[in-house]
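Engineer: Let me begin by handing over the structure; questions about it come next.
The values are calculated or read from the model by the stated rules, or taken from the named source; none is laboratory data. Quantities reported herein were computed from a predicted structural model and do not represent experimental measurements. In this analysis, Cβ positions are derived from the backbone assuming ideal geometry, glycine residues included, and neighbour counts consider all displayed protein chains.
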Amino acid sequence: MTADTTAPPKPTDREGIAKRLLRGSAKASFDPLVEIDWDAPVDKDMWAVRPERVSLYGTYLWERLTDEQRKELSRLEIASIATIGIWFETILMQMLVRHAYDHDPTTKHVQYAYTEIADECRHTVMFAKLVEKLGSKAYKLDPAAHNLGRLFKTIAHGPLIFAGALFVEEVLDQFQREAVPDEQVLPLVRAVSRIHVVEEARHMRYAREEFHRDWATRGPLNRAYSRVILGLVAYYSATRLINPKVYAQVGLDPREAARVARRNPHWIATKTWAARKVVRTLDTAGAISGLGRYFWKKAGLLG
Ligand SMILES: [Fe+2]
Ligand SMILES: [Fe+2]
């Protein structure tokens, strides 16, 4: 656990970095509607994610499922994770609009915020189409998470906007980076992942940069408040990755399956693995401690 006294990273050239990110966006941005073959059929014999990453992998419920059901569950779980992606990208778009509202639009870093909003607009449509193609629905979140998301996107300030963004982006990114070269994974999932990995690399660079810059200016009270809210963001995002309704869709009891997944050491290890980079970044900055850290732990993000 790190204290408030952690030395902030050396000041960086905000405009210079934003300029490079804008140049990267001009060179490598993709329109998923054009790039991806949405009419290609989904091969039911393939996985949507490697089996070891499915939430029930290695449990007695996994043993009960046929190979066909396991593959269906992999498709539904990726659809569920994409739905959480849409949820958070929608939250992020609103937060970035609010962020830009307060700043000079002729600066490069604000122009990058607008560019990122445009990226996220395309991503949400891409993820929504993916959910449909995988044979799932965009299952609604439980009211507590849905309304806390509404509150968060309305009140979040500087460091929370970018630490929250970084958390969700890094977790999704780990799953997608692993999927891109994996030949047992559906070509559709790999194509979606490839686009997202390229564009999110810039978003994460931007989020890290803006988070550190803002965090360094905040006093102890603001930091303490931010740590608790950030813990809640991590908790609600990580514990909602797999909507229990997907278990019902493969014929399992959703409550039992959700309970088994929550305690599944493989699934906890997967979440810890997916969050390891962002945990390192935020923990080093002193943003994961106290009550906030309790939520990170409870969500299975610290092993
Ligand atoms: Fe995105
Ligand atoms: Fe993003």
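Engineer: List pairs: first residue in region 219-244 and within 10 Å of Ile84 (Cβ to Cβ), second residue of a type in the set (Lys, Arg) and at pLDDT 95 or above anywhere in the structure, Cβ distance under 7 angstrom, at least six positions apart or on different chains.
Structural biologist: Note: pairs meeting the criteria are Ala238/Lys271.
Engineer: Just checking, does region 162-170 include any residue being more than 16 Å from ligand 1 (Cβ to nearest atom), within 21 Å of Thr90 (Cβ to Cβ) and within 15 Å of the chain's Cα centre (by Cα)?
Structural biologist: So far as region 162-170 goes, yes, one or more of its residues are more than 16 Å from ligand 1 (Cβ to nearest atom), within 21 Å of Thr90 (Cβ to Cβ) and within 15 Å of the chain's Cα centre (by Cα).
Engineer: A further question on this structure: When Tyr225 is evaluated against the numbered criteria (1) more than 22 Å from Ser136 (Cα to Cα); (2) surrounded by 17 or more Cβ atoms within 10 Å (Cβ to Cβ), which criterion, by number, is the only one it fails?
Structural biologist: In the conditions (1) more than 22 Å from Ser136 (Cα to Cα); (2) surrounded by 17 or more Cβ atoms within 10 Å (Cβ to Cβ), Tyr225 misses (2) alone.
Engineer: Ok, one more. Tell me, which residue of region 80-125 that is among the acidic types (Asp, Glu) and in a helix (DSSP H, G or I) is farthest from ligand 1 (Cβ to nearest atom)?
Structural biologist: Checking each candidate, the answer is Glu116.
Engineer: Still on this structure, I have one more. Going by the structure shown, is Ile195 more than 16 Å from ligand 2 (Cβ to nearest atom) and assigned to a helix (DSSP H, G or I)?
Structural biologist: No: the conditions fail for Ile195.
Engineer: Within region 176-193, restricting attention to residues that are within 13 Å of ligand 1 (Cβ to nearest atom) and under 14 Å from the mean Cα position of the chain (by Cα), which residue is surrounded by the fewest Cβ atoms within 10 Å (Cβ to Cβ)?
Structural biologist: Gln176
Engineer: Might you let me know whether region 56-73 holds any residue that is buried (at least 24 other Cβ atoms within 10 Å of the Cβ) and away from ligand 2 (no atom under 16 Å from the Cβ)?
Structural biologist: For region 56-73, residues buried (at least 24 other Cβ atoms within 10 Å of the Cβ) and away from ligand 2 (no atom under 16 Å from the Cβ): present.
Engineer: Is it the case, given these coordinates, that Lys133 is more than 18 Å from the chain's Cα centre (by Cα) and more than 16 Å from ligand 1 (Cβ to nearest atom)?
Structural biologist: Considered against the rule, which asks whether it is more than 18 Å from the chain's Cα centre (by Cα) and more than 16 Å from ligand 1 (Cβ to nearest atom), Lys133 comes out as yes.
Engineer: List pairs: first residue in region 159-178 and of a type in the set (Lys, Arg), second residue assigned to a helix (DSSP H, G or I) and at pLDDT 95 or above anywhere in the structure, Cβ distance under 9 angstrom, at least six positions apart or on different chains.
Structural biologist: Filtered contacts from region 159-178: Arg177/Ser193; Arg177/Val197.
Engineer: Let me ask something else about it. Of all residues in region 143-186 being more than 16 Å from ligand 2 (Cβ to nearest atom) and of a type in the set (D, E, K, R), which is nearest to Lys277 (Cα to Cα)?
Structural biologist: Glu178
Engineer: In region 126-142, which residue that is in contact (Cβ under 8 Å) with a residue 40 or more places away in the chain, away from ligand 2 (no atom under 16 Å from the Cβ) and assigned to a helix (DSSP H, G or I) is surrounded by the most Cβ atoms within 10 Å (Cβ to Cβ)?
Structural biologist: The extreme case among them is Val131.
Engineer: In addition: Residue by residue through region 101-125, note down the ones that are within 13 Å of ligand 2 (Cβ to nearest atom) and either closer than 30 Å to Pro187 by Cβ or more than 19 Å from the chain's Cα centre (by Cα) (or both).
Structural biologist: The answer is Tyr112, Thr115, Glu116, Ile117, Ala118, Asp119, Glu120, Cys121, Arg122, His123, Thr124.
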